[in-house]
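Shown next, in structure tokens, is the structure this report addresses.
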Amino acid sequence: MSDSVAHPVLKDVVCSKKKYAYALLQGKSVWNAEKGYCDKEKQIQIGSIRESDGIGECIFNERFLSENPQFRRWRVFRVAKGQYEYRRKSADEMRKPQEVKRKTAARPVKSAKFGAEYFLCRFFERSATGRHLKALTDKSQYDLFLTLLLTIMLYGAKGLAWMTEKVRKEHCGLYGKKIDKDTILRLFKKMEQDNTVGAVMKAKCREAGSRKEQSVTLALDGTNIDFYGRKNDKARYGKSKSGNAVPIVNLLTLMDQITHELYGVMSYSGDVTDVSTVESVCRQLMYQGDGGLKNKLRLICDRGYWSVFNLSTMLDHGCGFLVNCNTARSNKIKQLILEHAANLQGYNGTAIFRGDEPDGAEAELLTAVTLNKEWSYTKTTAAGRAPFKTRAKIYVHIIFSHSIYRNALEHYGHSVAELNEIYREAQKEGSWKPAGEKHRFHELLTGKHLSLFDDNLIKYDAEQQRFVLKMAAVTEKCRLTASRVLVSDFCTDAAEADRIYRMRSNIEIGYRLNKSTMEGRVSGKSASGSFDGMMFLTAVAVEMSMQIRQKFKDYNAKLPLKERVYLPHNSLRCLMHTLDGVEAIVDENKRELIIQGGVTDEINEILSICGIKTFAALGREAFEKST
């Protein structure tokens, strides 16, 4: 109720809803006769109302009070739209300083998604990458990185800026401020300036070097991504795996074969070949591990990294290796295979074992022979000594797959049968002449038919008027196709060498996740810092995905087939969206979080498998611990 004493009056004041309060704005409106409506002058905020409905006491700011000192003696209350009541302050109230609210007081209680956020926070902070990243960055950077990681695992990397803001608004809140493109670029630039990625990898290498385990087995593999940005020093034309005629950037990844921990993510120019990167990888790993990884590190490489120089380089740096030999580049290796192929095919005096297959599938029958060889190389890294020649023992495992051999024979049989069918049809049309079969018949043949001519695997039988296989050449070709040559300096058993090499396929699965599920096939990041930061972010997302899959694999290994637990729809993205079904009520004033609903036995089981505290055991302290 207003006092009878004359009081000042608020004029030209409107009340505007903000996020957590109502703002009092003052400004005049002038009628514009030409336009037919009022033009508002620039409005100035003079105070605010803390109540959530906009009805309550007006708290004026110091600027307004200095310009209108008459309001210092009065308390003003908004009672309705455009209606205010005035009450004169008592002597005690006058002695108290004017309360000026620079920040909004009460924040409303809100309901938001909580499951995927809680799961990723707990899982990431338990990983080695999460621990070291949290120690090397401040809380704001760590929370922003975690929000970006959650976005990629939920929706992929495409449209990251606006999708991250959507995720931030929908969830209980890892990062409290608005996220846009500039926010993300500032994070990546800061990480580049502080060399955060290198520091994380160096800390992990030192940790691995100080452990008591005898070896650290890393899978080494690379891929490339198409680049559509304006300018990047590493974007060059090369051999694109997508087949598009655009500049590419090569990406190389090092991943632990057992724990799936990320030990390195490096980018190279698009015109750099895989085989030329091994020496720099060895030097970098030895530097990051401060020598602790010497004679403990083992690199598992595919045939793209095979070369005589690379074997000598790994031996020189004290890196163990298991490399798939590129038989197409070496005639000596081909001769070595053919010398033992007959015995391998006939099971004579060779080791027979079955290769490991996932999920209880029928195993493949393999035969193998192991050859001991002496390898001569130049030792250049011995402390205080000049380079000198030395020798090391290596083991050459020739592994023969009978199923691949049979499939190759069937393939050539079907190909020549199709060729003869095309030949008969061509004879009827009159477009075939044996003298020019390879050229005049070119438009009617596909690649697999032309390869029969190019590899000299068929001949024309004039008597039967059809093409027949040259069985000696086909048998030799199929034996080379069915044979895999693994060269190692530490693995003496062929069965163990084959098992270790098959585990390297996990990194291939990671690349497929990156390019399909996480949509990391292309990049438009022009600045080198933003590009490398984005590559690290997607690599960490792949690391988390692979470790989650491994948790389920380890859990199911102890159970019979009928009791095994699998990812929802066998998809990591579906897993994250399933977890997002859990919602919580967040009271940010009391710093409390109360689980509202969506918790199922399936979700609690998923959390339990991954070693995370279940929602059934989670109380009001969840919000405080997760922020």
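For the stretch 440-463, which residues satisfy the criterion of being modelled with pLDDT of 85 or more and of a type in the set (S, T, N, Q)?
Passing the criteria: Ser451, Asn456.
Exactly one condition in (1) farther than 18 Å from Cys319 by Cα; (2) part of a strand (DSSP E or B) is false for Leu252; which is it?
(1)
For the stretch 294-308, which residues satisfy the criterion of being open to solvent by 20 Å² or more (accessible area, probe 1.4 Å) and touching a residue at least 12 places away in the same chain (Cβ under 8 Å)?
Within the stretch 294-308, Lys294, Asn295, Lys296, Arg298, Asp302, Arg303, Gly304, Trp306, Ser307 qualify.
Look through the stretch 262-282, keep the residues that are open to solvent by 30 Å² or more (accessible area, probe 1.4 Å) and in a loop (DSSP other than H, G, I, E, B), and return whichever of them is farthest from Thr129 (Cα to Cα).
Among them, the one singled out is Asp271.
Kindly indicate the residue of the stretch 171-210 that is surrounded by 14 or more Cβ atoms within 10 Å (Cβ to Cβ) and of a type in the set (Asp, Glu) and also nearest to the chain's Cα centre (by Cα) among those meeting that condition.
Residue satisfying both the conditions and the ranking: Glu192.
From (1) closer than 22 Å to His340 by Cα; (2) at pLDDT below 90, pick out the condition that doesn't hold for Arg479.
Every listed condition holds for Arg479 apart from (2).
Within the stretch 136-145, identify whether any single residue is of a type in the set (Lys, Arg), touching a helix residue (DSSP H, G or I) at 6+ places or on another chain (Cβ under 6 Å) and either in the same structural domain as Asn604 (by the TED database) or touching a residue at least 12 places away in the same chain (Cβ under 8 Å) (or both), and answer yes or no.
no
Within the stretch 388-405, how many residues are open to solvent by 20 Å² or more (accessible area, probe 1.4 Å) and not small (Gly, Ala, Ser)?
8
Failed condition for Glu213, given (1) open to solvent by less than 80 Å² (accessible area, probe 1.4 Å); (2) within 27 Å of Thr129 (Cβ to Cβ), with all others met?
(1)
The values are calculated or read from the model by the stated rules, or taken from the named source; none is laboratory data. Predicted, not measured: the structure shown is a model, and the values here were computed from it. When we count neighbours, we look across all protein chains shown, and the Cβ atoms used for this are built from the backbone with ideal geometry, even at glycine. Only protein heavy atoms, including side chains, enter the accessible area calculation; ligands, DNA and RNA are left aside. Shrake-Rupley method; radii C 1.70, N 1.55, O 1.52, S 1.80 Å.
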